[in-house]
Structures are given as C-alpha cells and as structure tokens.
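The next block holds one structure in the form of structure tokens; read it before the comments.
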Amino acid sequence: MKKIIKIGAACVLGVAVSINAAWAEQTWTVNFKDSDIQEVVKFVADVTGRTMVVDQRVRGRVKVISAKPLNEGELLQLFRTVLEMNDFTMIDVEGITRIIPLKDARSSPIPILPQGAKDKGYITKVIQLKNIAAAKVLPVIRPLIPQHAHLAAYDPSNSIVIADEAENIDRIIELIERIDKSAMPITDIV
C-alpha cells in the first residue's frame, strides 16, 4: 500500500507500508521540501504516537529527504537530527516530548542517566573518574562540546557532569575513559 499525502504547499510525503512474513513493520519514505518545521513535528507525533509540546520559538523551514524507507526508530532519529541542525532539541519527560531551543535545554528538566545507560536526545550524565582528577580533564574536553552544552567537575566525588545530546555525550565518555585509563600508574614488581 502506498499513499501520497500533501501537507502544506511545499511538502510531499510518501508513505510506504511493507510487511514482512515474520513480523509487520510499517515504514515511511520522507520527502519534505522547504516545509514548515511545525508540519514535520506534527507528522512525527502522528507516526510515533508521542505527545509533543512545541515551544513557540520553534520556527523555520526544513528540507528532509530519505532515499530509503524508515521504520519508526529511524524516523525518530532523523527527526532528532533535523531538530539539532536547526538549533532545537527534544526532551522526553514523563511521557511528554518537549521541542525547545538547544540553548534552553541544559536548564530544562532533562533526565539524569547513570553511567552506562543508553538513551537518545538531550540528557545529563555523571561520569566518575578513577585515575585522574576531573578538574584536569575539563580543559581537554571543553573545546569538544558545543556552547549550548553544560560541563562541570565535581571535586568531592571526582566526577564530571555533562548535559548535551546523548550521541555527543557517548563520544565524550569514550574519550574520558581513554584519558582516565592512560593515567593509571603502571607498577613493576622486581
């Protein structure tokens, strides 16, 4: 089954439905040409069944083209990317998705995840260091995070607190773990 849906004057969305014998999964081929971002938000909310609260400052036109059909998870990741490229983000709080400007994200009620937990979107993580002082690591990683993110050291627990997009935090954690591991003293027994 294939539907063509026209949203607004400049947006065409092809919806392709494919069914696998083992399990049924709906897919969408997206083609938004110079579309209002509000229409894209509405489409993603309809597809995912999420309740989305959109900040009044979320405005603009976007162009999104997918060459292959996307499942719901891939569509959501594409939507996060579109938001980020336009200086917006989505924050999930108690079943409600907030679409807000990136610069306001770090002061919003974003989830705090334990180290090792995986999530998407804008989050906060606390990274505990074992072999090097957190304050010494800050100057190394600060240039690698965007201005809208938050980064701080907490000396009593030798931890770093970071609020940013989950994908960027994962990259920073990998870097911090390598720095922390390389600071481990090597003891030779003679």
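The values are calculated or read from the model by the stated rules, or taken from the named source; none is laboratory data. Since the structure is predicted, the reported quantities are computational estimates derived from the model, not experimental observations. Ligands, DNA and RNA are excluded from the accessible area calculation, which covers all protein heavy atoms including side chains. Shrake-Rupley method; radii C 1.70, N 1.55, O 1.52, S 1.80 Å.
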Would you be able to tell me the number of residues in region 121-175 that are among the acidic types (Asp, Glu) and within 30 Å of Met52 (Cα to Cα)?
4
If we keep only residues of region 135-168 that are open to solvent by less than 10 Å² (accessible area, probe 1.4 Å) and assigned to a helix (DSSP H, G or I), then the residue nearest to Ile112 (Cα to Cα) is Ala166
